[in-house]
Amino acid sequence: MSALACEVAECRRCPRLVSWREQVATERRAAYADWEYWGRGVPGFGDPAADIMVIGLAPAAHGANRTGRMFTGDRSGDWLYRGLYRAGLANQPTSADVDDGLQLSGAFVTSPVKCAPPANKPTPLERDTCRPFLDRELETVDPAVLVALGGFAYQVLCQYFSIRPRPKFGHGVEVPVPDPGDQGGNESGSGSRRVILCSYHVSQQNTFTGRLTEDMLDAVFARAVNLAAELR
């Protein structure tokens, strides 16, 4: 995982993303004028032997792109790590910077795109170019439960596991992942040792409007913990 983290940080394969992440790191938000921005690819964070993997979209321009840690330094991260803490998967409810002492146990947090994209919208080519990093994280961590924060992460996971047809995304939707060679499909989940568990993203657009509440997020993580115990 350390070697992979270095590769993510050093990657320059997507010119548009490299240009944007570095521009943001130079033209800093006034509130963070004294910060030395990370301004590089952001690797996954957490327990490398986790049974639960949380997958978002991409680093936030003034969050993870500033701090160098997934979902750290912005309000989306505040929501996420409070939820993980309440579920017993984090040792503290706050995530401000890489030296704040945060540790995850049983959970790993990452995203399909490792660089902050303009307008928080990576292109399909950028998504596909970055995909080998997520593939290696999935292979290394080998989680039982994959919490997809939003439709973008859900689509990427369904593509990775060749789930077709793809069930409609919705908060709390569970999609069993068929094991290789399983001819039963993903409808019953028989024989599956992995499950994709969907959640609305912890973006301000969802949390400010009440589309996602803390009770809803807690229910997803409680279910993830129970599923992980059942599948392992």
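The values are calculated or read from the model by the stated rules, or taken from the named source; none is laboratory data. Keep in mind that this is a model prediction, so the values were computed, not measured. Cβ atoms come from the backbone with ideal geometry, glycine included; neighbour counts cover every protein chain shown.
If we scan the range 136-146, do we find a residue that is modelled with pLDDT of 95 or more, basic (Lys, Arg), at negative phi and in contact with a His (Cβ under 9 Å, 6 or more places away or on another chain)? Scanning the range 136-146 turns up no residue that is modelled with pLDDT of 95 or more, basic (Lys, Arg), at negative phi and in contact with a His (Cβ under 9 Å, 6 or more places away or on another chain). Go through the range 57-108 residue by residue and tally those that are assigned to a helix (DSSP H, G or I) and out of contact with any strand residue (DSSP E or B) (no Cβ under 6 Å at 6 or more places or on another chain). Within the range 57-108, residues that are assigned to a helix (DSSP H, G or I) and out of contact with any strand residue (DSSP E or B) (no Cβ under 6 Å at 6 or more places or on another chain) number 14.
Could you list, in sequence order, the residues of the range 4-41 that are over 19 Å from Asp128 (Cα atoms) and small (Gly, Ala, Ser)? Steps first, answer last, please.
Just the residues of the range 4-41 that are over 19 Å from Asp128 (Cα atoms), to begin with: 6, 22-39.
Residues satisfying the conditions are Ala25, Ala30, Ala31, Ala33, Gly39.
The set of residues in the range 1-56 being of a type in the set (Lys, Arg), under 21 Å from Asp74 (Cα atoms) and either outside any helix (DSSP H, G or I) or at pLDDT below 95 (or both) consists of Arg28, Arg29, Arg40.
Can you find a residue in the range 118-129 that is among the hydroxyl-bearing types (Ser, Thr, Tyr) and assigned to a helix (DSSP H, G or I)?
Going residue by residue through the range 118-129, those that are among the hydroxyl-bearing types (Ser, Thr, Tyr) are 123, 129.
So of that shortlist, the ones also assigned to a helix (DSSP H, G or I) come out as 129.
Yes, some residue in the range 118-129 is among the hydroxyl-bearing types (Ser, Thr, Tyr) and assigned to a helix (DSSP H, G or I).
Being loosely packed, with under 15 Cβ neighbours inside 10 Å, more than 25 Å from Val220 (Cβ to Cβ) and of a type in the set (D, E, K, R) is the filter here; which residues of the range 110-151 pass it? The one that is loosely packed, with under 15 Cβ neighbours inside 10 Å, more than 25 Å from Val220 (Cβ to Cβ) and of a type in the set (D, E, K, R): Asp128. Listed by first and then second residue, the pairs linking a residue in the range 11-38 that is free of Cβ contacts under 8 Å to residues at least 60 places away in the same chain and β-branched (Val, Ile, Thr) to a residue that is crowded, with 16+ Cβ neighbours inside 10 Å and assigned to a loop (DSSP other than H, G, I, E, B), with Cβ atoms under 9 Å apart and 6 or more places separating them unless they lie on different chains, are Thr26/Tyr37; Thr26/Gly39. Across the range 1-40, the number of residues qualifying as exposed (fewer than 13 other Cβ atoms within 10 Å of the Cβ), over 16 Å from His62 (Cα atoms) and among the aliphatic types (A, V, I, L, M) comes to 1.
Looking at this structure, is Leu146 in contact (Cβ under 8 Å) with a residue 24 or more places away in the chain and in a helix (DSSP H, G or I)? Break it down into steps so the answer makes sense when it comes.
Values: in contact (Cβ under 8 Å) with a residue 24 or more places away in the chain: yes; in a helix (DSSP H, G or I): no.
No; evaluated as a whole, the condition is false for this residue.
Selection of the range 202-232 for residues being free of Cβ contacts under 8 Å to residues at least 24 places away in the same chain and in a loop (DSSP other than H, G, I, E, B) yields Gly210, Arg211, Thr213.
Quickly run through the range 199-217 and pick out the residues that are among the small types (Gly, Ala, Ser) and within 18 Å of Met70 (Cβ to Cβ). Working first, answer last.
Filtering the range 199-217 down to residues among the small types (Gly, Ala, Ser) leaves 199, 203, 210.
Correct list: Ser199, Ser203.
For the residues Gly63, Gly77, Gly56, Gly46, the requirement of being surrounded by 14 or more Cβ atoms within 10 Å (Cβ to Cβ) and touching an Asp or Glu at 6+ places or on another chain (Cβ under 9 Å) singles out Gly63.
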